[in-house]
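Report on the structure given below.
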Amino acid sequence: METFIQVGVITAVLIGTFFSFVGVLGYFRLPDVYTKLHASGKVGVFGVVLLLVATIITSLNNFSAGRGLILILLLLITGPVTSHAISSAAYRLGIRMAKSVRDDLAEKTR
């Protein structure tokens, strides 16, 4: 049983670290603020959630597991909201997309 727990924790840590690394790599490699927000917002949240899952598995204490689940819930709620608020502010400041084909918000803001 202990071996299965260790394998689960190692797997969650490796996958979480991979997602976090891809998020940071996307942040530095992508051209504009909107695609950077997508990389850091989506992939980064999944990486942190998997690292929290590994922490919950290792602690196996009801109190710690409850705290970890609350943190996961808050991350999943606030991550997309934060990315949306930042991208909305960037659009209102006039920062355009690098290679946009069409702009649906330009028609609504006129």
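The values are calculated or read from the model by the stated rules, or taken from the named source; none is laboratory data. Everything numeric here is computed off the predicted structure, so don't read it as measured data. Heads up, the Cβs are rebuilt from the backbone with ideal geometry, glycines too, and the neighbour counts pull from every protein chain shown.
Check GLY16, GLY8, GLY26 and return the single one that is under 20 Å from LEU73 (Cα atoms) and free of Cβ contacts under 8 Å to residues at least 60 places away in the same chain. Criteria check complete, one pass: GLY16. Of all the criteria given as (1) under 30 Å from GLU2 (Cα atoms); (2) modelled with pLDDT of 90 or more, the one not satisfied by ARG29 is (1). Among residues of the stretch 55-84 that are closer than 29 Å to HIS38 by Cβ, those with a beta-carbon under 6 Å from a residue that is of a type in the set (S, T, N, Q) and assigned to a helix (DSSP H, G or I) at least six positions away or on a different chain give the pairs GLY68/THR55. When LEU51, LEU14 are screened for being within 18 Å of the chain's Cα centre (by Cα) and over 30 Å from ALA85 (Cβ atoms), only LEU14 passes.
Considering only residues of the stretch 55-100 that are of a type in the set (Val, Ile, Thr) and over 30 Å from VAL9 (Cα atoms), which is surrounded by the fewest Cβ atoms within 10 Å (Cβ to Cβ)? Let's see the steps before the verdict.
If we filter the stretch 55-100 for residues that are of a type in the set (Val, Ile, Thr), which is where we start, we get 55-58, 70, 72, 77-78, 81-82, 86, 95.
Now restrict to residues that are over 30 Å from VAL9 (Cα atoms): 86, 95.
Values: ILE86: 16, ILE95: 12.
Restricting to residues being of a type in the set (Val, Ile, Thr) and over 30 Å from VAL9 (Cα atoms), the top hit is ILE95.
Being surrounded by 14 or more Cβ atoms within 10 Å (Cβ to Cβ), without any contact (Cβ under 8 Å) to a residue 40 or more places away in the chain and either part of a helix (DSSP H, G or I) or of a type in the set (Phe, Trp, Tyr) (or both) holds for only one residue in LEU52, LEU37, and it is LEU52.
Please verify whether the stretch 61-84 includes one or more residues that are aromatic (Phe, Trp, Tyr) and in contact with a helix residue (DSSP H, G or I) (Cβ under 9 Å, 6 or more places away or on another chain). Can you show your working first?
Of the residues in the stretch 61-84, the ones aromatic (Phe, Trp, Tyr) are 63.
Narrowing further to those that are in contact with a helix residue (DSSP H, G or I) (Cβ under 9 Å, 6 or more places away or on another chain): none.
No.
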